[in-house]
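Student: First the structure, which I've put down as structure tokens, then a few questions once you've had a look.
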Amino acid sequence: MNEGPPAVLPLEERAATLPFPPSLPSVSVRDVLIGVPIVWGFVVGVNLMVLIGLVVVYLVNDGASFLEPPVPLMLGTSFLCLLWANAVACFFVCRKYGLPLVRGFALSRVDRKTVRRCVLTGIVTAVGAAVLMGLLARGDSLIAEVASTSSGLLLFSAFALLAPPFEEVYYRGFLFPAFRNSVGPRWAVAIVTLWFGLVHSVQLAGDWAGIPIILVMGGIWTVQRHRSDSLTPSIITHFTYNASLCVLGALEVLLEGIA
């Protein structure tokens, strides 16, 4: 008796048989090649508008002094660009392929043991980074300049606590799966880690000791994303790392004030 063609497994069951189950259909390198210029076009445009505004103020003041962008404007501009990057990522990861946000970016729930491990990793690496930065010669980076005052440190801390989920969505939720599906996990980890480090090196320019640290941390977060096949662990670790650095920075400012 003819039993007909074999049944086709549902999409989720077929995905579960792969070495690293992606959200199918999945973002591709082609999406990255289209999305990244859109992101950077917006970044360049926003910063160009800020520069034009500063030039206008300079001319209005009869060239008395060239104003540097105030800290709130700098951080606000950075966060606006980060929001735009996330909007572009959401379009290519979710809207284009008809996936819900949680599934598209692999925002799965994790158990308490994983949460504790991520929190501990964030705290330990932050303390290690602070110790290394204290031992190595430090220069004058943009971040150090912003955090040199109490008000600047407060604003920067707010940005540092808000940024991790958005950065993880863009780098490990959008870029990493696209490269992993194209060139494999090892190359994807290397590419995204270097990409993350190069972008942040602009903020650390003048304080070059911090660049190897941010590369190591980017590598840790990207490996977490790959091994867990979830974005949640890297978000927790990234947030804990930033929060720990903020606390250590506040303690440093407090101790200097007492001294």
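Bear in mind that the values in this text are calculations on the coordinates, not laboratory data. This is a predicted model, so every value here is computed, not measured. No Cβ is skipped: glycine too gets one built from the backbone with ideal geometry, and neighbour counts run over all protein chains shown.
Student: Once Lys and Arg get +1 and Asp and Glu get -1 on their Cβ, which of Leu204, Ile258, Ile214 lies farthest toward the positive end of the dipole of the range 22-258?
Tutor: Positive-most Cα among the choices belongs to Ile214.
Student: Something else now. Where the centre of each part is set by its Cα atoms, how far does the range 194-241 sit from the range 153-170, in angstrom?
Tutor: The distance from the Cα centre of the range 194-241 to that of the range 153-170 comes to 13 Å.
Student: Also, I was wondering about something else. Output wanted: per-residue J couplings in Hz (rounded whole) for the range 71-88, from phi through Karplus 6.51 cos²θ - 1.76 cosθ + 1.60, θ = phi - 60°, x for Gly and Pro.
Tutor: Using θ = phi - 60°, the values come out as 4, x, 5, 4, 5, x, 4, 4, 5, 4, 5, 5, 5, 5, 4, 5, 5, 5 Hz.
Student: What are the radius of gyration and Dmax of the range 22-258, computed over its Cα atoms and given in Å?
Tutor: Reported Rg and Dmax, both Å: 18.9, 61.
Student: Here is a follow-up. Among Val88, Ser244, Asn181, whose Cα projects farthest towards the positive end of the dipole of the range 22-258, with charges put on the beta-carbon of Lys, Arg (+1) and Asp, Glu (-1)?
Tutor: Asn181
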